[in-house]
Structures are given as C-alpha cells and as structure tokens.
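Engineer: Let me give you the structure first, and then I'll get to my questions.
The values are calculated or read from the model by the stated rules, or taken from the named source; none is laboratory data. It should be emphasised that the depicted structure is a prediction, and the values quoted were computed from it without experimental measurement. Using ideal geometry, Cβ is built from the backbone for each residue, glycine included, and neighbour counts are taken over all protein chains shown. Only protein heavy atoms, including side chains, enter the accessible area calculation; ligands, DNA and RNA are left aside. Shrake-Rupley method; radii C 1.70, N 1.55, O 1.52, S 1.80 Å.
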Amino acid sequence: MKLGPGPAHQPGWTDDGFCYFGLWMVGIGREAFVWAVIDPDSLADTPEVQCLVGRPRELWNDDWPEWESLDYVAMEAYGLLTRADDDCGDDAFYVAVEAEEGAVGGNRGPRGEQWDVRCEDEAMRKLPRLSAMFPLRPLVR
C-alpha cells in the first residue's frame, strides 16, 4: 500500500505497492484471501491486520501489508522445474505466464467499482471496520 503517484486504477497507489499488497493477501492464507475478495472489510478480522492497530505506521516495518519477496517464488519454482538457465530463465518464465494468461483469458487489473480510498466518508461507508481501526486522520482526543 505504498502511496505516491499511482496508476489509474487506484489513486495514490504505485503499481508495485498494489502488486505487493496482493501478494501479502495471498501470503495470509486462502481463507482470508477469499473472504477479502468477497468482503474487503473482513481483513479487519485477520491477526495480521489486528497486530497493526494502534501502532504508529513508522513502526510497522516487516508487518507492513506487502510482501515483495513472494513475487519471486513462482519464478524460482519454474526455474527449478524446467531447469531453465539463470541467464534466460526470467524471460522464459514471463513468456510461460503470458501464454497461460492468454489460454485462460487472464485479467490484468482490478475489477469492480472504483472509489477514492482517501475520502474519509467514502472509506467509512465501504470499509467501516477497517476505517475505524485505521482512521485517515488522527483521532481527536
């Protein structure tokens, strides 16, 4: 969930941040992933998200919801299975992925309604539990 100049599909997210968040979701397990696809606010029930509540974001470190290293697992497994040469293994992997995506009609982007995650009112309507756990602006005491 890196903020910065982002792609058109989600204002404020970088392509890498969006990808790494998706990998993090895969890493927290199938059940949590499936529920999050059905109801994104269900992420509020996961221990991985609950451990971040109340902690300043600058202290999240390795708990930050992204997992870049998971991006390389499939490529490494492909290299081991095909015994692809390290010099051209990456290219062969991406050619194989593109072929598979074409065979199954792969989708390259998020679907569904687009909305501005930085709009507090909209976030509260769409993700009430997560918005309460992680308010966009600090709580007034």
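Engineer: I need a count of the residues in the stretch 51-85 that are in contact with a Phe, Trp or Tyr (Cβ under 7 Å, 6 or more places away or on another chain), open to solvent by 60 Å² or more (accessible area, probe 1.4 Å) and part of a loop (DSSP other than H, G, I, E, B).
Structural biologist: Residues meeting the conditions: 1.
Engineer: Testing residue 102 on (1) of a type outside the set (Val, Ile, Thr); (2) assigned to a helix (DSSP H, G or I); (3) modelled with pLDDT of 80 or more, one condition comes back false. Which one is that?
Structural biologist: (3)
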